[in-house]
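S.K.: Okay, here's the structure, questions in a sec.
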Amino acid sequence: MKRTDKARPFVPTEIHVGTVVDEEGAIGILTIRTTEGLLDIALDRHAAEAIVNAIGTIRSKLGAAEA
């Protein structure tokens, strides 16, 4: 069955960052506490860059909405 209604977005209440290092290198850990619980995201360099770019896009649109 295909979902027809869109789920509400989680509302972040805290954001924490950290790193874990193993024999393959460092992995960034982004932990976001939301109104629904914790969301942990493991990021390599490419994923982190993609998120930074996505946030930049969102920020530019939010700035335009305020003007």
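S.K.: Using modelled amide H (1.01 Å from N, peptide plane; none on Pro or chain starts), what sits under 5 Å from the amide H of Thr34, excluding residues fewer than 5 places away?
M.R.: Thr13, Leu39
S.K.: Along Cα→Cβ, 7 Å out, is where each label goes; now give me the distance between the ones at Ala47 and Ile15 in nm to one decimal.
M.R.: That separation, rounded to one decimal, is 1.6 nm.
S.K.: Once Lys and Arg get +1 and Asp and Glu get -1 on their Cβ, which of Ile55, Gly18, Ile29 lies farthest toward the positive end of the dipole of the chain?
M.R.: Sorting the options by dipole projection puts first Ile55.
S.K.: Tell me which GluC sites (Glu not before Pro) from the chain have a DSSP coil assignment and no more than 11 other beta carbons within 10 Å of their own.
M.R.: Glu23, Glu24, Glu36
S.K.: Taking N as the number of residues in the chain, what is its Cα Rg relative to 2.2 N^0.38 Å?
M.R.: 1.42
S.K.: Let me ask you something else. Tell me, what is the 1.4 Å probe accessible area of Thr4, in Å² to the nearest 10?
M.R.: Counting only protein heavy atoms, Thr4 exposes about 140 Å² to solvent.
S.K.: Oh, and also: Note the angle between two axes, namely the Cα long axis of helix 45-66 and the longest principal axis of the Cα atoms of the chain, as a number of degrees from 0 to 90, rounded to the nearest 10.
M.R.: Tilt relative to the chain: about 30 degrees.
The values are calculated or read from the model by the stated rules, or taken from the named source; none is laboratory data. Everything numeric in this text was worked out from a predicted model, so none of it was measured. Backbone-built Cβ (ideal geometry, glycine too); neighbour counts: all protein chains shown. Quick note on the areas: whole protein, heavy atoms, side chains included, nothing else; ligands and nucleic acids left out. Shrake-Rupley method; radii C 1.70, N 1.55, O 1.52, S 1.80 Å.
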